[in-house]
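A.B. asks: Take this structure, written in structure tokens, and hold onto it; I'll ask about it next.
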């Protein structure tokens, strides 16, 4: 009998983020986020309208899509709260200090992974202020990138040089 290979821990948490994104209600992009500290899941979040408001899936339209807004622009007209923000909102501050955030995104229409995705500027700021140290971003079922928050987002401040990285 052949032994099954155990899933590595990073992809395990990214798999959880991928499961979480299935709750998303965006018509364009589905993201799931999982915050983990000391090998314990602290919180999860997915893309969706604020509590009590209608989701894009409920009203059947996405304003950004309707206006042909490119990826990474005009988030202020979006109905949704991003996955990273929802995970941070649901987590106690002391459990986020030194934590890692695992992020997985898929195109809502095709189900394909969003390659080279990144957190938006607002989510980056929230991640920084939450005290999260690393962000793992899934590119495919087994491939991911690692963001060192201090080095990549604090020291390399996109709001100074205008390189927003979308």
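A.B. asks: Among the numbered criteria (1) under 18 Å from residue 152 (Cβ atoms); (2) out of contact with any strand residue (DSSP E or B) (no Cβ under 9 Å at 6 or more places or on another chain), which single criterion is violated by residue 93?
C.D. replies: Evaluating residue 93 over (1) under 18 Å from residue 152 (Cβ atoms); (2) out of contact with any strand residue (DSSP E or B) (no Cβ under 9 Å at 6 or more places or on another chain) leaves (1) as the failure.
A.B. asks: Which pairs turn up if I take residues in the stretch 120-145 that are touching a residue at least 40 places away in the same chain (Cβ under 8 Å) and look for partners that are part of a loop (DSSP other than H, G, I, E, B) and surrounded by 15 or more Cβ atoms within 10 Å (Cβ to Cβ) with beta carbon separation below 6 Å, at least 6 apart in sequence or on another chain?
C.D. replies: 123/82; 132/99
A.B. asks: While we're here: Having 3 or more residues that are touching a residue at least 60 places away in the same chain (Cβ under 8 Å) and surrounded by fewer than 21 Cβ atoms within 10 Å (Cβ to Cβ) is the bar; report the helices (runs of 4 or more DSSP H) wholly within the stretch 1-68 that clear it. Show your work before the answer.
C.D. replies: Details: elements: 9-20, 56-59, 63-66.
Helices (runs of 4 or more DSSP H) meeting the threshold: 9-20.
A.B. asks: A further question on this structure: Of the residues 122, 126, only one is in contact with a helix residue (DSSP H, G or I) (Cβ under 9 Å, 6 or more places away or on another chain), under 22 Å from residue 92 (Cα atoms) and at pLDDT below 95; which?
C.D. replies: Of the residues listed, the single one that is in contact with a helix residue (DSSP H, G or I) (Cβ under 9 Å, 6 or more places away or on another chain), under 22 Å from residue 92 (Cα atoms) and at pLDDT below 95 is 122.
A.B. asks: Could you grab me the full set of residues in the stretch 76-107 that are farther than 19 Å from residue 51 by Cβ and in contact with a helix residue (DSSP H, G or I) (Cβ under 9 Å, 6 or more places away or on another chain)?
C.D. replies: 77, 93, 96, 97, 99, 100, 101, 102, 103, 104, 105, 106
A.B. asks: Here is a further query. So which residues in the stretch 69-90 are part of a loop (DSSP other than H, G, I, E, B), surrounded by 12 or more Cβ atoms within 10 Å (Cβ to Cβ) and under 15 Å from the mean Cα position of the chain (by Cα), if there are any at all? Give the steps one after another, and end with the answer.
C.D. replies: Here is the first cut: in the stretch 69-90, the residues part of a loop (DSSP other than H, G, I, E, B) are 69-74, 78-80, 82, 90.
Going one step further and asking which of them are surrounded by 12 or more Cβ atoms within 10 Å (Cβ to Cβ), we end up with 69, 72-73, 78-80, 82, 90.
Those that are part of a loop (DSSP other than H, G, I, E, B), surrounded by 12 or more Cβ atoms within 10 Å (Cβ to Cβ) and under 15 Å from the mean Cα position of the chain (by Cα): 72, 80, 82, 90.
A.B. asks: Let me ask another. Of all residues in the stretch 91-123, how many are in a loop (DSSP other than H, G, I, E, B) and either surrounded by 13 or more Cβ atoms within 10 Å (Cβ to Cβ) or within 14 Å of the chain's Cα centre (by Cα) (or both)? It would help to see each step written out before you state the result.
C.D. replies: In the first step, residues of the stretch 91-123 are kept if they are in a loop (DSSP other than H, G, I, E, B); the result is 91-92, 97-99, 108-112, 114-120.
Among the residues that remain, those that are also either surrounded by 13 or more Cβ atoms within 10 Å (Cβ to Cβ) or within 14 Å of the chain's Cα centre (by Cα) (or both) are: 91, 99, 108, 114-120.
So the answer is 10.
The values are calculated or read from the model by the stated rules, or taken from the named source; none is laboratory data. Computed from a predicted model, the values in this text were never measured in an experiment. When we count neighbours, we look across all protein chains shown, and the Cβ atoms used for this are built from the backbone with ideal geometry, even at glycine.
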